[in-house]
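Asker: One structure, as structure tokens, below. Some questions next.
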Amino acid sequence: MALLGYDLFLARKSLRRNPGLTLLVVVGIALGIAVSTTFAAVRHAFQTDPIPEKSSMLHSVRLDSWDPAAPHPDRVGVPPQVTYRDMVEIMKSKIPVRQSGMFKTNLYVFPADKAQNPFEEMARVCYRDFFAMFGAPFAYGGTWDEKADGGEPVVVLSEPMNQKLFGGVNSVGKTVRLRDRDFKVVGVLAKWMPNLRFYDLTQNYIGEPENLYIPFGLLRPMELQLAGNNDGWGPNTGTGFEGYLASESTWIQMWVELPNAQAVAAYKSFLDAYATEQKKIGRFQRPLNNKVTPLLEYMADREVTPRAVKSLFAVSLLFLAVCAVNLIGLLLGKFLARSGETSVRRALGASRKDVFLQHLVECQLVSAVGGVVGVLLALGALSGINAWLKSQTGRGDLFALDLPMLLVALALTAGAGLVSGLYPAWRACQLAPAVHLRIG
Amino acid sequence: MLKMTGIRKVYRTDLVETHALDDVTLDVKAGEFVAVMGRSGSGKTTFLNVAGLLDTFDGGTYTLDGMDVSRLSDATMSRTRNEKIGFIFQSFNLIPDLDVFDNVDLPLRYRRMTAKERKERILSAVEKVGLSSRLHHLPSQLSGGQQQRVAIARVLAGDPRLILADEPTGNLDTLMAREVMELLLKINEQGATIVMVTHTPECAARAQRAIHLLDGRVVDGDSHFGHLRSVPTGALAAAI
Ligand SMILES: Nc1ncnc2c1ncn2[C@@H]1O[C@H](COP(=O)(O)OP(=O)(O)OP(=O)(O)O)[C@@H](O)[C@H]1O
Ligand SMILES: [Mg+2]
């Protein structure tokens with residue numbers, strides 16, 4: 001590597017000598033890097049662990065309470081959500097250190113400031129453990145107390161909602177009217193923007209977290225209407241809201257925090273015992289198939305990364321490879337065209353290795369330039385995709401080139417440089433010194 | 001310095017086998033200035049290529065500066081070329097888009113010298129060939145004679161023990177050829193061994209002795225310029 005400086009000097013000269021060809025190579029690499037980096041970043045956004053410090057402890061709970069006649073159509077054959085009556089029962093377990101069933105609902109918000117118009121807003125209906133479980137940070141106050149879980153009108157606001165309703169000041173203790181009653185603010189979240197709404201992967205999980213959080217116990221008194229997926233089977237035996245709650249409809253996401261493998265095993269047997277108990281009263285007629293799945297595994301189960309994204313990423317790598325392979329011929333032609341010069345270098349003391357590295361450095365330099373251009377193009381492409389996504393979901397910052405993605409771009413660039421350069425450089429270093437020095 | 005015994009070099013193509021060197025035995029002592037003569041195709045360039053470790057050979061032994069060089073790795077061979085041998089070619093073989101300074105720099109780079117030492121050597125070598133004022137000219141901006149002097153500076157900067165020159169004056173007019181010959185003689189006086197292929201008896205006459213090749217064989221290992229002067233190369237070869 002003692003010659004790296006010299007090799008870079010020669011590479012710069014060589015690239016300038018042939019600007020047209022250099023441009024062609026740079027454009028080739030740049031396109032390949034732009035496309036592959038863009039899709040790598042898109043894929044990355046879906047695959048990043050949203051809460052690395054405890055993703056292994058957070059478990060989604062799925063119960064196979066489904067129709068004995070046919071398995072649930074979901075990939076794993078179990079409904080992704082649980083029924084209300086099952087949630088109520090399994091929430092009685094003391095094994096999880098934290099747990100919450102939850103769903104989302106639409107509520108009208110009536111700002112205290114009469115100058116503001118009422119507006120409809122998505123609220124998450126959950127238990128007090130939600131915030132600590134999923135790492136939602138508080139700016140003011142905190143979660144509601146245990147008693148409030150039973151159905152007191154208290155609310156936790158998101159940072160943007162507190163901004164909107166109270167101008168961002170500490171609003172703990174103030175009230176806000178939701179639908180038909182006054183809610184007391186007990187907590188205000190700090191800025192919280194996980195990549196995905198990973199705590200509810202059943203629907204529209206690309207998007208910002210909800211702006212309102214209220215206790216689950218309000219379900220009955222307010223007859224809160226589900227704004228998410230409802231997936232059921234069998235006849236609705238009861239009538240009205242209570243009939244709905246007693247039905248086999250699955251519509252609640254159930255999460256538990258289990259600190260270790262023993263807790264997981266214990267909780268699993270608890271669920272199986274519960275299901276076996278239910279069999280006696282004619283429910284759970286399918287074979288036991290209850291699932292306690294850690295977050296990342298659950299994300300894979302749910303196929304959180306859209307298939308299109310996966311295949312586009314694969315295709316983009318292929319595209320980069322094609323770009324790199326196409327450059328082999330160009331570089332080979334270029335290197336062989338100056339075989340005279342190379343033979344002189346060999347005669348005057350450059351070893352094969354020196355010549356090989358000299359040419360490889362040239363390939364890496366040109367591909368580095370292409371890589372930089374490619375990354376800039378990828379930034380443009382990602383901001384385009386973000387803008388489109390914002391128009392679709394309201395979330396405009398999902399895709400970004402963070403450090404890991406820049407490292408990926410760097411690796412892809414070096415890889416492209418190697419793929420396009422190894423063979424030409426090898427051919428160049430095989431040039432015999434004598435042949436090209438032959439004169440007349 | 002350069003001792004060959006029974007060196008053979010065969011070029012094989014589909015149709016013919018050319019014995020470019022056939023049992024070449026010779027001994028060039030350190031500090032000698034030897035001319036190599038012979039008509040076109042007689043194997044002179046092949047001989048220089050083998051002597052300069054630019055090409056392999058098919059038989060015989062070759063000792064360069066006390067070192068058996070028949071089976072060296074590419075890295076050792078390259079280093080030996082770089083440190084012990086200087087090449088001067090008929091067509092100069094300067095790198096067209098490097099200026100005088102960078103051309104002279106070339107062998108020093110592969111010797112991994114410090115920038116300071118390289119610069120000192122380059123400036124002094126360029127001065128010796130009288131081109132200090134042309135340091136940043138490109139080869140295309142120099143006359144043929146000047147280009148060959150740059151090539152000689154490139155050799156001088158490396159300070160090799162052995163200089164191999166293949167018709168160094170072949171592309172130059174008489175005046176420039178004379179300048180180049182004077183330079184080579186001076187370098188030889190300062191201790192370098194020189195082996196020079198030439199077609200011109202005048203040049204050969206400046207050497208201490210001449211070796212004649214004919215069809216890859218040494219036909220007159222030790223002729224003194226006195227004999228040569230009166231006998232044209234071709235005629236001599238024909239006579240033997
Ligand atoms: N690469 C090669 N392949 C096949 N034959 C070769 C090769 N190089 C040289 N030869 C043959 O070897 C013989 C010696 O060639 P060489 O170039 O050494 O002659 P030369 O004495 O230098 O001639 P000139 O005075 O014209 O330069 C010639 O017959 C030539 O055709
Ligand atoms: Mg020749």
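Asker: Could you go through the stretch A:299-309 and let me know if any residue there is touching a Ser or Thr at 6+ places or on another chain (Cβ under 9 Å), among the hydroxyl-bearing types (Ser, Thr, Tyr) and in contact (Cβ under 8 Å) with a residue 60 or more places away in the chain.
Answerer: no
Asker: Same structure, new question: Out of the residues in the stretch B:107-121 meeting the condition of being in contact (Cβ under 8 Å) with a residue 12 or more places away in the chain and surrounded by 21 or more Cβ atoms within 10 Å (Cβ to Cβ), tell me which one is farthest from the other protein chains (Cβ to nearest Cβ). Full working, then the answer.
Answerer: Looking only at the stretch B:107-121, we keep the residues that are in contact (Cβ under 8 Å) with a residue 12 or more places away in the chain, and these are B:107-108, B:110-111, B:118, B:121.
Adding the requirement that they be surrounded by 21 or more Cβ atoms within 10 Å (Cβ to Cβ) leaves B:107-108, B:110, B:121.
Values: B:PRO107: 4, B:LEU108: 9, B:TYR110: 4, B:ARG121: 14 Å.
Looking at the filtered set, the residue picked out is B:ARG121.
Asker: Taking B:ALA30 as meeting all but one of (1) touching a strand residue (DSSP E or B) at 6+ places or on another chain (Cβ under 7 Å); (2) of a type in the set (A, V, I, L, M); (3) within 16 Å of ligand 2 (Cβ to nearest atom), write down the number of the exception.
Answerer: So B:ALA30 meets the others, but not (3).
Asker: Please go through the stretch B:5-31 and give me each residue that is away from ligand 1 (no atom under 15 Å from the Cβ), within 19 Å of the chain's Cα centre (by Cα) and in contact (Cβ under 8 Å) with a residue 40 or more places away in the chain, ordered by number. Talk me through it step by step, then tell me what you get.
Answerer: Applying the first criterion (away from ligand 1 (no atom under 15 Å from the Cβ)) to the stretch B:5-31 yields B:5-6, B:25-31.
Then keep just the ones that are within 19 Å of the chain's Cα centre (by Cα); that gives B:25-31.
Correct list: B:THR25, B:LEU26, B:VAL28, B:LYS29, B:ALA30, B:GLY31.
Asker: From A:ASP64, A:ASP86, which residue is touching a Pro at 6+ places or on another chain (Cβ under 9 Å) and of a type in the set (Asp, Glu)?
Answerer: On the way: A:ASP86 fails: touching a Pro at 6+ places or on another chain (Cβ under 9 Å).
Going through A:ASP64, A:ASP86 in turn, the sole match is A:ASP64.
Asker: Mind checking whether some residue in the stretch B:122-132 is open to solvent by 20 Å² or more (accessible area, probe 1.4 Å) and within 14 Å of chain A (Cβ to nearest Cβ)? Show your work before the answer.
Answerer: First, pick out the residues of the stretch B:122-132 that are open to solvent by 20 Å² or more (accessible area, probe 1.4 Å): B:123-124, B:127-128, B:130, B:132.
Narrowing the set further to residues that are within 14 Å of chain A (Cβ to nearest Cβ) leaves none.
No, the stretch B:122-132 contains no residue that is open to solvent by 20 Å² or more (accessible area, probe 1.4 Å) and within 14 Å of chain A (Cβ to nearest Cβ).
Asker: Within the stretch B:59-78, take every residue that is over 17 Å from the mean Cα position of the chain (by Cα) and within 14 Å of another protein chain (Cβ to nearest Cβ) and give me the one that is nearest to B:ARG161 (Cα to Cα).
Answerer: My answer is B:THR76.
Asker: Here's another thing I want to ask about it. Identify the single condition in (1) within 14 Å of another protein chain (Cβ to nearest Cβ); (2) open to solvent by 30 Å² or more (accessible area, probe 1.4 Å) that A:VAL344 does not satisfy, given that it satisfies every other one.
Answerer: (2) is the only condition that A:VAL344 fails.
Asker: Same structure, new question: Checking B:VAL100 against (1) closer than 30 Å to B:THR200 by Cβ; (2) within 15 Å of the chain's Cα centre (by Cα), which single condition isn't satisfied?
Answerer: (2)
Asker: Please go through the stretch A:271-298 and pick out each residue that is without any contact (Cβ under 8 Å) to a residue 24 or more places away in the chain, hydrophobic (A, V, I, L, M, F, W, C) and assigned to a loop (DSSP other than H, G, I, E, B).
Answerer: Correct list: A:ILE281 only.
Asker: Take residues that are polar (S, T, N, Q) and open to solvent by less than 60 Å² (accessible area, probe 1.4 Å) and tell me which of the strands (runs of 3 or more DSSP E) falling wholly in the stretch B:1-84 contain 1 or more.
Answerer: Details: elements: B:2-12, B:17-28, B:33-37, B:59-64.
It comes to B:59-64.
Asker: Can you give me the ranges of the helices (runs of 4 or more DSSP H) entirely in the stretch B:121-213 with at least 1 residues that are within 16 Å of ligand 2 (Cβ to nearest atom)? Full working, then the answer.
Answerer: Values: elements: B:144-158, B:174-189, B:201-206.
In the stretch B:121-213, B:201-206 are the helices (runs of 4 or more DSSP H) which contain 1 or more residues that are within 16 Å of ligand 2 (Cβ to nearest atom).
Asker: Would you point out the residue of the stretch B:41-58, among those that are in contact with a helix residue (DSSP H, G or I) (Cβ under 7 Å, 6 or more places away or on another chain) and within 9 Å of another protein chain (Cβ to nearest Cβ), that is farthest from ligand 2 (Cβ to nearest atom)? Let's see the steps before the verdict.
Answerer: Here is the first cut: in the stretch B:41-58, the residues in contact with a helix residue (DSSP H, G or I) (Cβ under 7 Å, 6 or more places away or on another chain) are B:52-55, B:57.
Subset that is within 9 Å of another protein chain (Cβ to nearest Cβ): B:52-55.
On the way: B:GLY52: 13, B:LEU53: 17, B:LEU54: 13, B:ASP55: 13 Å.
Among those that are in contact with a helix residue (DSSP H, G or I) (Cβ under 7 Å, 6 or more places away or on another chain) and within 9 Å of another protein chain (Cβ to nearest Cβ), it is B:LEU53.
Asker: Please verify whether B:THR193 is hydroxyl-bearing (Ser, Thr, Tyr), open to solvent by less than 20 Å² (accessible area, probe 1.4 Å) and either over 25 Å from B:ARG111 (Cβ atoms) or within 16 Å of ligand 1 (Cβ to nearest atom) (or both), treating the condition exactly as stated. Spell out the reasoning first.
Answerer: Working: hydroxyl-bearing (Ser, Thr, Tyr): yes; open to solvent by less than 20 Å² (accessible area, probe 1.4 Å): yes; either over 25 Å from B:ARG111 (Cβ atoms) or within 16 Å of ligand 1 (Cβ to nearest atom) (or both): no.
Taking the combined requirement at face value, the residue does not satisfy it.
Asker: Any idea which of (1) surrounded by fewer than 21 Cβ atoms within 10 Å (Cβ to Cβ); (2) closer than 18 Å to A:GLY374 by Cα is the one A:ALA30 doesn't satisfy?
Answerer: With (1) surrounded by fewer than 21 Cβ atoms within 10 Å (Cβ to Cβ); (2) closer than 18 Å to A:GLY374 by Cα applied to A:ALA30, the lone miss is (1).
Asker: Quick one: which of A:LEU336, A:LEU327 is more than 12 Å from every other protein chain (Cβ to nearest Cβ) and crowded, with 19+ Cβ neighbours inside 10 Å? Write out each step before concluding.
Answerer: Numbers: A:LEU336 fails: crowded, with 19+ Cβ neighbours inside 10 Å.
After applying the criteria, what remains is A:LEU327.
Asker: Select, from A:PRO424, A:PRO404, the only residue that is open to solvent by 30 Å² or more (accessible area, probe 1.4 Å) and either more than 14 Å from chain B (Cβ to nearest Cβ) or in contact with an Asp or Glu (Cβ under 7 Å, 6 or more places away or on another chain) (or both).
Answerer: Values: A:PRO424 fails: open to solvent by 30 Å² or more (accessible area, probe 1.4 Å).
From the options A:PRO424, A:PRO404, the qualifying one is A:PRO404.
The values are calculated or read from the model by the stated rules, or taken from the named source; none is laboratory data. Note that the coordinates shown come from a computational prediction; the quantities given were computed from them, not determined experimentally. Cβ coordinates were reconstructed from backbone atoms using ideal geometry, including for glycine residues, and neighbour counts include every protein chain displayed. Just so you know, the surface numbers come from the protein's heavy atoms only, side chains and all, with ligands and any DNA or RNA stripped out. Shrake-Rupley method; radii C 1.70, N 1.55, O 1.52, S 1.80 Å.
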